[in-house]
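Here is the structure we will look at, set down as structure tokens.
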Amino acid sequence: MIEVRIHGRGGQGNVVAAYLLATAAFEEGRYGQAFPAFGAERRGAPVTAFVRIADTPIRRRCEVRQPAFLIIQDEALLHVQGVLSGLQPGGGILVNSNKSSEALSDTHGQAMQSLPATSLAMEILGRPVPNTALLAAFLTLTELLQRQALVKALAERFQGKVLEDNTTLIERAAALVNPAAWKEGAHAASA
């Protein structure tokens, strides 16, 4: 079973990202589980969402405390206590940032992969919602699921121009990261 923790702020599509990732797992015939944890339910407040993906039914119902991967939708959350806690050895951290991966890694003392997800979303969607771009990068890095499964998951929620623009965003974001860079970590976590 692969466990992912997604950190963001209210209004960034954090919960939707978790549901999309779990739905993409279903699209590939796997099991998926997604659920959020809220503090204050308001725009801009920190929000955490959890995702589990497995080849067998998922019976665990607790929060993800030791994720194989972290997706951080707001770079400022890297300074919040506990955001990076529990990451499994060899796990990956994907951060929405215009800074380089090297600069983020040096600043925080842990290897991180950056992606200018908000900038891409503004350019392509016209809205500062980084979730689709980050999921596309995550799936490209891990090869955990096919990006087409993400497109199918989006098609359950959107259609027309919104779906077309999100599909363009997926391809652009995927092109900005190294394919399969985290594949070994994804397979080790699921073993």
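Taking region 37-64, which residues are buried (at least 16 other Cβ atoms within 10 Å of the Cβ) and either of a type in the set (G, A, S) or outside any loop (DSSP other than H, G, I, E, B) (or both)?
P46, V47, T48, A49, F50, V51, R52, I53, A54
Return a yes/no flag: does region 5-12 have any residue that is buried (at least 19 other Cβ atoms within 10 Å of the Cβ) and modelled with pLDDT under 90.
yes
Of the residues in region 149-191, how many are over 21 Å from G91 (Cβ atoms), not in a helix (DSSP H, G or I) and not small (G, A, S)?
Within region 149-191, residues that are over 21 Å from G91 (Cβ atoms), not in a helix (DSSP H, G or I) and not small (G, A, S) number 4.
Residue-wise test of (1) of a type outside the set (D, E, K, R); (2) more than 13 Å from A121 (Cβ to Cβ).
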site: A153; (1), (2): yes, yes
site: L163; (1), (2): yes, yes
site: L169; (1), (2): yes, no
site: K183; (1), (2): no, yes
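Tell me the residue from L120, L94, L144 that is under 30 Å from L163 (Cβ atoms) and either assigned to a helix (DSSP H, G or I) or out of contact with any strand residue (DSSP E or B) (no Cβ under 8 Å at 6 or more places or on another chain) (or both), please.
From the options L120, L94, L144, the qualifying one is L120.
Scan region 150-178 residue by residue and report those that are β-branched (V, I, T), buried (at least 18 other Cβ atoms within 10 Å of the Cβ) and in contact (Cβ under 8 Å) with a residue 24 or more places away in the chain.
Answer for region 150-178, where residues must be β-branched (V, I, T), buried (at least 18 other Cβ atoms within 10 Å of the Cβ) and in contact (Cβ under 8 Å) with a residue 24 or more places away in the chain: I170, V177.
The values are calculated or read from the model by the stated rules, or taken from the named source; none is laboratory data. The model shown is predicted, which means the values in this text are computed figures rather than measured ones. Quick reminder, even Gly has a Cβ in these numbers, built from the backbone with ideal geometry, and neighbours come from all protein chains shown.
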